[in-house]
Amino acid sequence: MGVIIRNSGSDSADLGAVTEPYSGYLLRDVPREEAELTHTDTGSPMGELMRRFWQPVCLSEELSDLPKAIRVLNEDLVAFRDKSGDVGVLHRHCSHRGTSLEYGIVSEHGLRCCYHGWLFAPDGTILDTPGEPPGSRLKDSFRHGAYPAREHRGLVFAYMGPPGEEPGFPLFDTYDEPDDRMVPYSVWHGCNWLQVQENIMDPIHACFLHVNMTGLQLSGDFGGFPELEFHETEGGSGMLFVTSRRVGERIWVRTNHALLPNFLQIAPIFPRTHTSTHFARVGNTRWCVPIDNGECNLIGWRHFSDLVDPRGEGREELCGPNSIDLFGQDGNRSYEQRQREPGDWEVLTGQRPIAVHALEHLGVHDRGVTMLRRLLRAAARGEIPDAVARSQRGTGGPHINTFTQDAVLEIPPAEGDTDRTLLREVGRKVFETVMESARFFGDERRAFVRERYRAMERDA
Ligand code: FES
Ligand SMILES: [Fe+2]
């Protein structure tokens, strides 16, 4: 039996336990959502936290000779790349008389409003007000709303926090894995950001939704019930899970790492479990970026290499704006198909536009979800500022080491029930190795981890 946790951290009233049959009438009211974690309006705790980090806002390929209307963290914006190559993210409504700059004209320098021709630089400087008389100082008397923007490997990022306080741009170590190709994608979800982010700290759903419930959406290896642990990282800057599974003569240990507030790296989607595999890193790097409180975009990269996609099952050509090459991830199927074989997109959008924590009954395997909410709550309240400062906030120094990986180790089964103990022990050693390796970078780190894994195989 699982441990039941009710109303964890919710701002709703405790409903108490209803035990009568046919209790629909008693349970018909839907309490409010947990606004502290789910709302990202300006001035909200979570919204202000997210604004302290670089957030991806669209794909580079979406910026053509036309500007692109975007909505991020409940703000209406427009993104563009001017003809000199500079990228801008501006408040969407023209500061003259308010029309949308999505109808603007991309210029040599900046974006020109179609209504009366005002020209806006990427930093919000008003470069031209052609209808004003010569010598008018109107354009020098104010600025248009603008956010620092930059591109990285096909994604456009913006910093939407207080001016002058932007962090260094985060460069994660996994951007430099040998032979790894990073392909940008986005996926729109008609639901709150948090339920999408939480999904990966609920690794047990892979056994059910993706393997045993409706069809084989992932490798059958995901169907084995894992030994499972959750760990906070670096004093609360994020968390990871460790799943350890028996696959024939091997033990497969998967670690997935989430960094606060909305960043996540997922280990290989098509795991290389048929042979010994040492430190295969990331299949998916992504941010879950709120559009507003009831919608979000997953934006990031799929990774392709022999190590993270050994049989070439991934489809790079299917990754792009609102499209990813993974089954059931983007809602781009008929309603009947989605009902007959629901994927992540269906179960997440199906939790209501904003999931209501007060109505949940969390069990023992939901402790990753509980841990993530606790960390986010503390971060939003400013209770772990140092940890948050270390989380995905680049310093311009060495790359930020992350802890997502797969290890598939040649370790034969132990007798009977003791094999579960062995899984736990191996999972713990892999976790400790990956954490300890954070003091090295690049090839040195890979060599350190792989030598430890070889030693574990030798000892077995
Ligand atoms: S409304 Fe944009 S220039 Fe007048
Ligand atoms: Fe999933």
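The numbers here are math on the coordinates, done by the rules we state, and not lab data. What you see is a predicted model; the values in this text were computed from it and never measured. Cβ placement follows ideal geometry from the backbone for every residue including glycine, while neighbour counts extend to all protein chains displayed.
Using +1 at the C-beta of Lys and Arg and -1 at the C-beta of Asp and Glu, which of Gly294, Phe263, Ser323 has the Cα lying farthest in the positive direction of the dipole of region 250-325?
My answer, from the dipole projection, is Phe263.
To one decimal place, what orientation-averaged projected area in nm² is obtained for the convex hull of the Cα set of region 58-159? All intermediate terms of the calculation are to be shown ahead of the outcome.
Values: hull surface 24.3 nm².
One quarter of the hull surface, i.e. the mean projection, equals 6.1 nm².
How large is the helix-only mean residue ellipticity at 222 nm for the chain, computed as the sum of -39500 (n - 2.57) over DSSP H runs with n ≥ 4, divided by its residue count, in deg cm²/dmol to the nearest 500? Write down the numbers at each step before the final one.
On the way: 9 runs with 85 residues, N = 460.
-5500 deg cm²/dmol, from helical runs alone.
Enumerate by residue number the GluC sites (Glu not before Pro) in region 208-311 meeting two conditions: DSSP loop (anything except H, G, I, E, B), and at most 14 other Cβ atoms within 10 Å of the site's Cβ. Write down the numbers at each step before the final one.
Details: sites: Glu227, Glu229, Glu232, Glu234, Glu249, Glu295; in loops: Glu234, Glu249.
Those that pass, being in a loop and sparsely packed, are Glu249.
If the cut-off is a Cα-Cα distance under 21 Å, which lysines reach Lys68, setting aside same-chain residues fewer than 8 apart in sequence?
Lys83
Sort 113-120, 300-307 for me by packing, meaning the mean count of neighbouring Cβ atoms within 10 Å per residue, highest on top.
Values: 113-120: 20.0, 300-307: 22.1.
The densest-packed peptide leads the list: 300-307, 113-120.
With +1 on the Cβ of every Lys and Arg and -1 on the Cβ of every Asp and Glu, and nothing else charged, how large is the dipole of the chain about its Cα centre, in debye rounded to the nearest 20? Could the numbers behind the result be given before it?
Numbers: 50 positive and 68 negative charges, 57 e Å.
Approximately 280 debye in magnitude.
With only alpha-carbon atoms counted, please give the Rg and Dmax of region 173-459, in Å.
Looking at region 173-459, its Cα Rg and Dmax stand at 18.3, 53 Å.
Nothing charged except the Cβ atoms of Lys and Arg (+1) and of Asp and Glu (-1): what's the magnitude of the dipole of region 350-454 about its Cα centre? Round to the nearest 20 debye. If you can, show how the numbers build up before the last one.
On the way: 18 positive and 15 negative charges, 106 e Å.
Dipole of region 350-454, to the nearest 20 debye: 500 debye.
For an R0 of 41 angstrom, estimate the FRET efficiency from the Cβ-Cβ distance between Arg71 and His399 and round to the nearest 0.05.
In this case the efficiency is close to 0.85.
With unit charges on the beta carbon (Lys/Arg positive, Asp/Glu negative), name the residue among Pro31, Thr421, Ile204 whose Cα is farthest towards the positive pole of the charge dipole of the chain.
Towards the positive end, the residue furthest out is Pro31.
Hey, if you put +1 on the Cβ of every Lys and Arg and -1 on every Asp and Glu Cβ in the chain, which of Ser237, Thr433, Trp54 ends up farthest toward the positive end of that dipole?
The Cα lying farthest towards the positive end belongs to Trp54.
What number comes out for the charge environment of Arg333, summing +1 per Lys or Arg and -1 per Asp or Glu over other residues with Cβ under 12 Å away? If you can, show how the numbers build up before the last one.
Numbers: positive: Arg338, Arg340; negative: Asp330, Glu336, Glu341, Glu346.
Around Arg333, the surrounding residues sum to -2.
With a cut-off of 8 Å between alpha carbons and a minimum separation of six or more residues, what is the relative contact order of region 187-290 in percent? Before the final figure, lay out the partial values.
On the way: 151 pairs, mean separation 21.2, N = 104.
This gives 20 percent for region 187-290.
What number, in percent, do you get for the relative contact order of the chain if the mean sequence gap of Cα pairs under 8 Å and at least 6 apart is divided by its residue count?
20
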